[in-house]
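Right, one structure below, let's go through it.
The values are calculated or read from the model by the stated rules, or taken from the named source; none is laboratory data. The structure presented is a predicted model; accordingly, all values stated were derived computationally and were not measured. Because the Cβ atoms are built from the backbone with ideal geometry, glycine has one as well, and the counts that use them run over all protein chains shown.
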Amino acid sequence: MSEPIEPQAPEGAPEGPVGPYVYDYAASPQRQIVLPKTVPLPSLKTYEAEVVAQQAADEAKWKKMQADYEVAKAKAEAEGKDAPKPPVKPVPRKDDNDMKTPWPQVAKDPDLLRLQQLLGEQVEEIFEQAGELTCQVRKEALHEALRICRDDADLKYEMLADQTGTHYPAAKEFAFSLVYHLTSISRRKRLRLRILVPEGFEPESACSLYPSANWMERETYDMLGIRFKDHPDMTRILCPEDWEAYPLRKEYPVVGLGQRDIDFREDRGGVLMRIAMQKAGQMGINLKQPTAD
Amino acid sequence: MFKSEELEINLGPQHPSTHGVLRVKLRLDGETVVSCTPVIGYLHRGLEKICENKTYFQGQVWTDRMDYVAAISNNLGWVEGVEKLFGIETPRRARYIRTMLTEMNRIASHLLWLATHALDIGAMTVFLYAFREREFLLDLFEAFCGARLTTTAFRIGGLREDLPPGFVKQARAFQAIFPERLEEYETLLSENRIWKKRTVGVARITAEDCIALGVTGPVLRAAGVPYDIRKAFPSAAYAEMDFEIPTRPEADTYARYLVRLAEMRQSHRIIQQCLDGLPEGPVMAKIPKILKSEVNEVYHAIEAPKGELGYYFVGEKGGVNPYRMHVRAPSFVNLQALPKMIEGRLLADVIAAIGTLDVVLGEIDR
């Protein structure tokens, strides 16, 4: 008679006092949060500064190569050896593919220039990238900018197609960027209005100008936790009402909070889960139910 | 003897005519709808969060699961959005095949809409007729990419494979039968007295309200606004195609039915042009195995069967995943118009209004 086989814990399961079949929340690789270190906010100013810095770095490197060459040459002459090869200026590597990275460009579109003319100081930046127009305004001037876009006879952006935000935990002056994608049906044009808001700032709701912003702003609140001022119904829309975290923030883990303890990917047949539940039941322990924290 | 009392009822989330897990809170006065609040989120899977942690190639698979009856349209939006982010130029043959498949998918989606909408209202026969043609199209998708619904049909930079042998012949066979099949549906419905009573003048919404609420697609066009992204911001090979934007001025359920039927005819025209003018050449652009983005953001929208489907990407320097991905789902925005359509109308019109909006809950909740 063979010994009854003890069920084995899945490979790579963390050891600990929790028990062999119950997964440790904190140790799960899907729970590890890697916060971004950069701020990928597209901007013409940043790009130009980067280009200038890159050119300066290239120039410095080239100068250093030349200086090293002079030193090596003098040394070789002094020792009576052959002179070293002169350095070759490095050229950017050519890629043989069909990609042409769209870099930010100076705004030439009449819509952007018109907006800058009307809003003046309120406009922080205008640029074009990948054929799309972006206008970044000060966060207090959002409502005015939207109103001008809708009502001005030269702009006439009738429809708010999309509204969403992005979380930038690495940035110091702001925490979120909010984008409004406007569409002009009559003129067949699109425009992106952008504002940067810090944590806790409540931007004004666009509902009074574009009623379609209602659900979009609710979704932004639900996912990122940005509340909008004067919104008719600032409640959660996709998550349950009692959900506490904001899933699309970067500090939220991929495997969401409140999911089950057992890693079911390791346990396709559900054997381990059943045994774990059984054992826990015999010990009078109710396995932790999924909660919404 | 008569007393008036308002009654609050739930339509859904488990109701066959809500096409998924849509819950509508209704306040009724007798049979009249006083107020209506759609409640969504029962199918929320956190697709945007998932895609932020997948590479650009892996994320496309998840788009199939949004609007599962028009997966090819979702794929088209994703791959073109990513191509715009990286500045990739796609070969012309690939763009033609993409256009053709997307239009086939539009017909399949509209057929499913017609079938279920008619079934909701009480016409059973159309359901069986429409599914017969949809099956033909799904077989074509299966021949092309091996899947009927969750297709992942395209690749970033073009297509994984060229058309399989015999595909063009089968597509032409479909083209030959489809116009007369469309006429069959019309004979069943267009002059049907019950159908007209249930749809004419029901769930009206004006063009101004549509634009203010962001409603796009056939609902907007049935209100008389000729706005179609295939014409306004052409992508794929739509700029080279000759087709019209069908519109109706009535803005009711019957007008939307007519617009969608006319759209199927236009799609049929586009497929014919793609088949006739299919250029020779490669189907895949030269792109690196690993795509690393620069700092960039794009919003790319295409005309999905339900309306404007937009993808918003933010790229990180050297990142292989999108830093931020957002989907502007047409059904999500269109559903906002539901209270405007049915408040003050009868309870039976709610079913017609949900059907005519053509919502898919997988796309609304994402």
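What the table below lists for this structure:
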| quantity | calculated |
| --- | --- |
| A:GLN116, sole failed condition from (1) among the polar types (S, T, N, Q); (2) more than 14 Å from chain B (Cβ to nearest Cβ); (3) touching a residue at least 40 places away in the same chain (Cβ under 8 Å) | (3) |
| A:ALA107 vs. criteria touching a Leu at 6+ places or on another chain (Cβ under 9 Å), of a type in the set (Gly, Ala, Ser) and away from chain B (no Cβ under 14 Å) | yes |
| Selection count, the range A:34-76, where residues are within 14 Å of chain B (Cβ to nearest Cβ), part of a helix (DSSP H, G or I) and of a type in the set (Ser, Thr, Tyr) | 2 |
| Filter result (more than 10 Å from chain B (Cβ to nearest Cβ) and of a type outside the set (Phe, Trp, Tyr)) within the range A:225-248 | A:GLY225, A:ILE226, A:ARG227, A:LYS229, A:ASP230, A:HIS231, A:PRO232, A:MET234, A:THR235, A:ASP242, A:GLU244, A:ALA245 |
| Leading residue by the ranking (surrounded by the most Cβ atoms within 10 Å (Cβ to Cβ)) among those in the range B:285-315 that are over 25 Å from A:ASP96 (Cβ atoms) and facing another protein chain (nearest Cβ under 8 Å) | B:GLU308 |
| Conditions (1) within 14 Å of chain A (Cβ to nearest Cβ); (2) not in a helix (DSSP H, G or I): number failed by B:ALA203 | (1) |
| Flag if B:GLY362 is out of contact with any Asp or Glu (no Cβ under 6 Å at 6 or more places or on another chain) and closer than 28 Å to B:ARG98 by Cα | yes |
| Single residue of the range B:67-98 satisfying the filter (of a type in the set (Gly, Ala, Ser) and crowded, with 23+ Cβ neighbours inside 10 Å) that is nearest to A:LYS100 (Cα to Cα) | B:GLY81 |
| Filter pass, A:LYS81 being under 30 Å from A:VAL123 (Cβ atoms) and either modelled with pLDDT under 80 or assigned to a loop (DSSP other than H, G, I, E, B) (or both) | no |
| Residue tally, condition of a type in the set (Lys, Arg) and surrounded by fewer than 24 Cβ atoms within 10 Å (Cβ to Cβ), over the range B:329-366 | 2 |
| Residue, surrounded by the fewest Cβ atoms within 10 Å (Cβ to Cβ), within the range A:119-142, restricted to residues that are free of Cβ contacts under 8 Å to residues at least 40 places away in the same chain and within 14 Å of another protein chain (Cβ to nearest Cβ) | A:GLY131 |
| Total residues in the range B:200-235, condition aliphatic (A, V, I, L, M), touching a residue at least 60 places away in the same chain (Cβ under 8 Å) and in contact with a Gly (Cβ under 8 Å, 6 or more places away or on another chain) | 3 |
| Number of the condition not met by B:GLY318 [criteria: (1) outside any loop (DSSP other than H, G, I, E, B); (2) out of contact with any Leu (no Cβ under 9 Å at 6 or more places or on another chain); (3) surrounded by fewer than 24 Cβ atoms within 10 Å (Cβ to Cβ)] | (1) |
| All positions within the range A:187-227 that are outside any helix (DSSP H, G or I) and hydroxyl-bearing (Ser, Thr, Tyr) | A:SER205, A:SER208, A:TYR210, A:SER212 |
| Residue count, the range B:42-70 (criterion: of a type in the set (A, V, I, L, M) and more than 17 Å from B:GLY310 (Cβ to Cβ)) | 4 |
| When residues of the range B:241-265 are limited to those that are touching a residue at least 24 places away in the same chain (Cβ under 8 Å) and of a type in the set (D, E, K, R), the one surrounded by the most Cβ atoms within 10 Å (Cβ to Cβ) | B:ARG256 |
| Selection count where residues are surrounded by 15 or more Cβ atoms within 10 Å (Cβ to Cβ) and assigned to a helix (DSSP H, G or I), scope the range B:141-169 | 5 |
